[in-house]
Amino acid sequence: MTSDNPFDASAWHGTTIVTVRKAGKVVVAGDGQVSLGNTVIKANARKVRPLGEGSVIAGFAGATADAFTLLERLEAKLEQYPQQLTRACVELAKDWRTDRFLRRLEAMMIVADKSVTLVLTGTGDVLEPEDGLAAIGSGGNYALAAAKALIDTDADAEAIARKSMDIAADICVFTNSSLIVETLDAETK
């Protein structure tokens, strides 16, 4: 049974994105698998990329064309509100909810800069995880659970993100081990 709600986790197939914020680093990692039904169409897609002249990292899950539309809109908001990731994301979320065209887009995004990590959804959510960990996509819950288990170890942010993605790829058939990993220096609190 599938859900009519495009933001129901059971409806998302084809990607896993995880972010880890630890010890002065923020890492966003994503797999490269693109699936059409039960068929792998591409194994090395780039679903994680820098934005805002490299000051922001974004990772997306969902329909690719929809995600690219949202990434372009977020870039425009970042130009409008430089160095204000939260404001840019809130403005994007408002547009996403109210614009007739945008509200039909089926994607989610994780975005991070040196000070904040946010999860954006088409339901208007702009969520900041309290522990610096977030994950989306079909393998997101597996990657998030792994990251939560590893965060208190001696492993650094990138090692945690990579291991979390490996675990998700071992469990989720819509996730592979072809990773794209982007890192930024983060503010330490």
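Here are the numbers for the structure shown:
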| read-out | value |
| --- | --- |
| Cα-based reach from LYS148 at 16 Å (exclusive), listing aspartates and glutamates while leaving out same-chain residues under 8 positions away | GLU128, GLU130, ASP131, ASP156, GLU158, ASP166 |
| Percentage relative contact order, the chain, counting C-alpha pairs under 8 Å, at least six apart | 33 percent |
| Relative packing of peptides 147-160, 167-180 - highest average C-beta neighbours within 10 Å first | 167-180, 147-160 |
| Environment charge at LEU133 (Cβ cut-off 12 Å; Lys +1, Arg +1, Asp -1, Glu -1) | -1 |
| P(r) weight above 31 Å for the chain, C-alpha pairs, percent | 10 percent |
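Read the figures in this text as sums done on the coordinates, not as results from a lab. The model shown is predicted, which means the values in this text are computed figures rather than measured ones. Cβ coordinates were reconstructed from backbone atoms using ideal geometry, including for glycine residues, and neighbour counts include every protein chain displayed.
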